[in-house]
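What follows is one structure encoded as structure tokens, with my remarks underneath.
The values are calculated or read from the model by the stated rules, or taken from the named source; none is laboratory data. These numbers were taken from a predicted model, which means no experiment stands behind them. Cβ coordinates were reconstructed from backbone atoms using ideal geometry, including for glycine residues, and neighbour counts include every protein chain displayed. Please note that ligands, DNA and RNA were not included when accessible areas were found on the heavy atoms of the full protein model with its side chains. Shrake-Rupley method; radii C 1.70, N 1.55, O 1.52, S 1.80 Å.
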Amino acid sequence: MKKSVTIRAFKVYGAYNPKYFPLKFLQILFHNCAPYFNLWLSSEIVTALYEGRGRKEVYILVAVTLIGNLVIHSMGALLYRNTDIQLKLLENEEAAAFNRKVLSLDYNKLEDPKIRQHRRKIIENAWVNFYGVQQMRHRMEILMESLVNFAFGLMLFGEMLSAILRVGFRKTGVLLLAAMLVCIGLNVVWNFIYDRKLSLYRAKIGEEMLEENRLGNVANTSGLDNRVYRQQDLINKLDEKCNKKHLEVFTEAQRKGFLYSIPTEAVLLAMNLCAYLIVVFYCVQGAFPVGSVIKYVGYLGRFTGSIGNFFRLISGMKDNEPYLQTYLDFLDIKNDMYQGSLAVEKRSDKRYDIEFKNVSFRYPGAEEDALKEINLKLKVGERLAVVGVNGSGKTTFIKLLCRLYDPSQGEIFMNDFNIRKYDYRQYLDIFSVVFQDYALLAMSLGCNVAAAGSWDTKKAERILEEVGFGERYAQMEKKLDTPIYKNFDEDGVNVSGGEAQKIALARALYREAPFIILDEPTAALDPIAEAEIYSRFDRIVGDKTAIYISHRLSSCRFCDRIAVFDKGRIVQIGTHEELLADVKGRYFELWHAQAQYYER
């Protein structure tokens, strides 16, 4: 039998902080204890006054009421505070668990558009529609409250029923009781239908809000373009269109909600009227004292209301299940990249020979291969330049080299073994890469350089000096403890694009990996500045194997070999002089097209 989606999601979500729901139940218990306690004591006080009991007894009842409320509300406030803390812990852990899942995915899955869309849908459901695990938590809390009210009401209903049995049922009382049961039934059925219909309108509102939310992101992320090209009017028109659609759906939902609420309120009114008449009728019959009218009427109202709420919640939980399934499906995504088990030998001579043999690769959903029949052997300690126009396959080549993807065809070997056989983490450790879209974390400078929570101060400072960051570093009062950016610290330092590139280069060097790869991290710079950075970096690399990727050729003169990529293939390979001598080759064409930028 298939397990309920809600039950499974509740187990997963509750495990993020097992303390929250039990503590929340206690808080709800004390919160709902107060009205029942007050109704009971109020009925006793009214009965005592009606029957003319002594003042002492009345004063005692009043004192018990006051002290009881003090205790109940004090405990409730304490539980509310602790529950609120546990809720924050639950939300933080749920967010952290979601992020851990994202970070644990194979890189090919992380780049898969379907999985990225799946992830975005979960976030939008939570933030915009309030569907998913947050909706489940909210409804579970209401369910606990309904069950507590039902339990309290049932106990008092049983007490009232036993009092009625002592005087015996009367025809009028039976008819009123039957009428009240019919009203309860109608309330349950109508609430079930009412909540299902309204949920459909809430979903429509949510979809409209998604469009507005995405439009807001467009406006926020393209501020410079908006002003330069005066796109405000275009965005405003789109915004007005979305607002109009949202208003139409929202207005219709409000109208439907009002119409649906009329039968609900009518049934509730009839139900409460029956409750009043039953209690008053049997009070007149002598089944219980006059003060019990307050108690039993109040109890019956909450008792019958909890029944209606219970069935509305069941309906709402069912409507939320597709969103919970979306959440669970994301958590269930399995990694299928083989992790390998062969240990990577730690070699002091850095002798790691890597060879591509007939390697082709096609991205999921693509119609053509991004790489086609690549054959290339990387020599230890050499400088290899990988050049070609945008889209020629350079970055894809690096992704396969670092085993972020596995080849669609062919094999990649390291020291005569297929790289798939090596332990995945150990294999990654032999590479230091600065990608074109590198990112620094909003953490300390030391953390960014060492890519860890601790660092070797002398080593980090030496490398920062070597990459040309020394002058900027000297201005930082907190040195390696200086926070980068202001996301989490007002004293954070915003670094320029060029400074960020130097920190990224320092991070690559700090790792001391046998392979150093620069994948167009300087693409935003002019060719001369790029050549200067590559030249400086080449001096620092030492005896490591270095690969420089660029669609420009300013980094090629000092390299031992140059691999020219075009439309996913290696069309030429050789030294700068050899390639330039081939006047019909692709390299000659590219060189002379760009020579004006870097010839001196």
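Inspection of segment 339-357 identifies at least one residue that is in contact with a Gly (Cβ under 6 Å, 6 or more places away or on another chain), free of Cβ contacts under 8 Å to residues at least 60 places away in the same chain and on the phi < 0 side of the Ramachandran plot. Take Lys357 and tell me if it is over 35 Å from the mean Cα position of the chain (by Cα), modelled with pLDDT under 85 and over 16 Å from Lys567 (Cα atoms). Here the answer is no, as Lys357 does not meet what is asked. In segment 421-432, is there at least one residue being open to solvent by 50 Å² or more (accessible area, probe 1.4 Å), under 21 Å from Glu355 (Cα atoms), of a type in the set (Phe, Trp, Tyr) and over 31 Å from the mean Cα position of the chain (by Cα)? Scanning segment 421-432 turns up no residue that is open to solvent by 50 Å² or more (accessible area, probe 1.4 Å), under 21 Å from Glu355 (Cα atoms), of a type in the set (Phe, Trp, Tyr) and over 31 Å from the mean Cα position of the chain (by Cα). Of all residues in segment 274-287, those that are at positive phi have Cβ atoms under 8 Å from Cβ atoms of residues that are open to solvent by 10 Å² or more (accessible area, probe 1.4 Å) and not aromatic (Phe, Trp, Tyr), 6 or more apart or on another chain, in Gly286/Val167.
Within segment 1-22, being open to solvent by 40 Å² or more (accessible area, probe 1.4 Å) and not in a loop (DSSP other than H, G, I, E, B) holds for Ile7, Arg8, Phe10, Lys11, Val12, Pro22.
In segment 41-84, the qualifying residues are those that are hydroxyl-bearing (Ser, Thr, Tyr) and open to solvent by less than 80 Å² (accessible area, probe 1.4 Å), and the one that is farthest from Asn17 (Cα to Cα) is Thr47. For segment 102-179, the helices (runs of 4 or more DSSP H) that sit wholly inside it and include 2 or more residues that are among the basic types (Lys, Arg) are 113-124, 133-167. Sub-7 Å Cβ pairs linking a first residue in segment 571-600 that is part of a loop (DSSP other than H, G, I, E, B) to a second residue that is open to solvent by 50 Å² or more (accessible area, probe 1.4 Å) and at pLDDT below 85, at least 6 apart or interchain, are Asp582/Phe588, ordered by first then second residue.
The one condition from (1) touching a residue at least 24 places away in the same chain (Cβ under 8 Å); (2) open to solvent by less than 40 Å² (accessible area, probe 1.4 Å) that Gly168 does not meet is (1). Selection over segment 444-467 of residues that are of a type in the set (Gly, Ala, Ser) and either surrounded by fewer than 18 Cβ atoms within 10 Å (Cβ to Cβ) or in a loop (DSSP other than H, G, I, E, B) (or both) gives a count of 4.
So which of Leu186, Leu175, Leu156, Leu110 is loosely packed, with under 15 Cβ neighbours inside 10 Å and within 30 Å of Val284 (Cβ to Cβ)? Testing whether each residue is loosely packed, with under 15 Cβ neighbours inside 10 Å and within 30 Å of Val284 (Cβ to Cβ) leaves just Leu175.
Residue-by-condition table, conditions (1) among the charged types (D, E, K, R); (2) free of Cβ contacts under 8 Å to residues at least 24 places away in the same chain; (3) out of contact with any Ser or Thr (no Cβ under 9 Å at 6 or more places or on another chain):
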residue	(1), (2), (3)
Ile7	no, yes, yes
Tyr13	no, no, yes
Pro22	no, yes, yes
Gln27	no, no, no
Ser42	no, no, no
Gly52	no, yes, yes
Ile60	no, yes, yes
Ala63	no, yes, yes
Leu70	no, yes, yes
